[in-house]
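Step one of this worksheet: look at the structure below.
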Amino acid sequence: MIDKQHLLSDEEVADFVCKGYILVNADFPQGFNEAVYDECARATDGENPGDAILDRVPKLHEVFKHEKVFGALVSLLGEDVQMNNHRHCHVNPPGSRSQGWHQDGTNQRHHQIRTVLAMYYPQDVTTENGPTVVVPGTHFRNAPTDRIATYTNIKEQVPVVGPAGTVAITHYDIWHAASRNKSDKTRFMLKFLFNRASEPTAPSWNHDPARLGAAHGRLGQRAIACGQTEHYTERRLRREMWNHLMGNASA
Ligand SMILES: O=C(O)CCC(=O)C(=O)O
Ligand SMILES: [Fe+2]
């Protein structure tokens, strides 16, 4: 059983529902991120090993065992959360061009949390060295990838920046893209997928019924500036997602 203190709070879960992502700053032992960086550089020198990156860099298991990372995954996907077989080391070399906006895979077309992306950065990420960029709230917007790929900068897009050891956990459907690496050093991002294995029957986070009012307040906020129609639609979809997570009628 995971210690409750490592689980997300009601407000954090409500924020995830609203924005579609949360950043976890994992404090790995001294030298851990640097060692992963070097091992990823060796593993991808030549052909990218694809899903085999976990066998090539077994230290990556430690990332998802970290109490804060695992606590966030349990909070969003339940205690029996499962690691998916697909994973990838995303290499963003100096001088790269930015990627088009996209949703990974075929988006899921439901309004629940069934799969998340967990993106681990083994080096500091700044706006200079090619951060992943996300658009808050877009996990509710299923859109053809060939259309969103034509969009350039979106007002209120958020670059995922943070110190080495940052893990961005996002809803599978969030719009995202790698941005241009303007630095002189390769940026690595290790993308893992996690799946829900069972339906929620009760909150799997550090739920406190006294915090429900605050959580509901968060669910009503705008993820980014948007029209009234989108705001009403998203507010309804968030409540659906939240009620599903609560697993009962008194949500
Ligand atoms: O490298 C990144 O920051 C994102 C890459 C990505 O989202 C993808 O290739 O699907
Ligand atoms: Fe992607």
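The values are calculated or read from the model by the stated rules, or taken from the named source; none is laboratory data. Everything numeric here is computed off the predicted structure, so don't read it as measured data. Methodologically, a virtual Cβ is constructed for each residue, glycine included, from the backbone with ideal geometry; neighbour enumeration extends over all protein chains shown.
Tabulated values for the structure
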| quantity | calculated |
| --- | --- |
| Count of residues meeting criterion [away from ligand 2 (no atom under 13 Å from the Cβ), in contact with a helix residue (DSSP H, G or I) (Cβ under 9 Å, 6 or more places away or on another chain) and not hydroxyl-bearing (Ser, Thr, Tyr)] in segment 155-189 | 7 |
| Scope segment 69-97; condition within 16 Å of ligand 1 (Cβ to nearest atom) and either in a strand (DSSP E or B) or under 22 Å from TYR37 (Cβ atoms) (or both); matching residues | ASN84, HIS86, ARG87, HIS88, CYS89, HIS90, VAL91, ASN92, PRO93, PRO94, GLY95, SER96 |
| Scan of segment 238-250 for residues that are of a type in the set (A, V, I, L, M, F, W, C) and exposed (fewer than 15 other Cβ atoms within 10 Å of the Cβ), ordered by number | ALA249 |
| All positions within segment 83-129 that are of a type in the set (Ser, Thr, Tyr), closer than 19 Å to ASP51 by Cβ and surrounded by fewer than 16 Cβ atoms within 10 Å (Cβ to Cβ) | THR106 |
| From the options THR229, THR201, residue that is among the β-branched types (Val, Ile, Thr), modelled with pLDDT of 95 or more and either surrounded by fewer than 16 Cβ atoms within 10 Å (Cβ to Cβ) or closer than 19 Å to ALA14 by Cβ (or both) | THR201 |
| Every pair of residues 6+ apart whose Cβ atoms lie under 6 Å, when the first sits in segment 189-211 and is part of a loop (DSSP other than H, G, I, E, B) while the second is of a type in the set (Val, Ile, Thr) | SER204/VAL74; TRP205/VAL13 |
| Any hit, segment 139-161, residues being polar (S, T, N, Q), more than 25 Å from ASP3 (Cβ to Cβ) and without any contact (Cβ under 8 Å) to a residue 12 or more places away in the chain | yes |
| Checking PRO136 against (1) touching a helix residue (DSSP H, G or I) at 6+ places or on another chain (Cβ under 6 Å); (2) buried (at least 21 other Cβ atoms within 10 Å of the Cβ), the condition it does not meet | (2) |
| Failed item, numbered, when VAL63 is tested on (1) part of a loop (DSSP other than H, G, I, E, B); (2) closer than 29 Å to HIS139 by Cα | (1) |
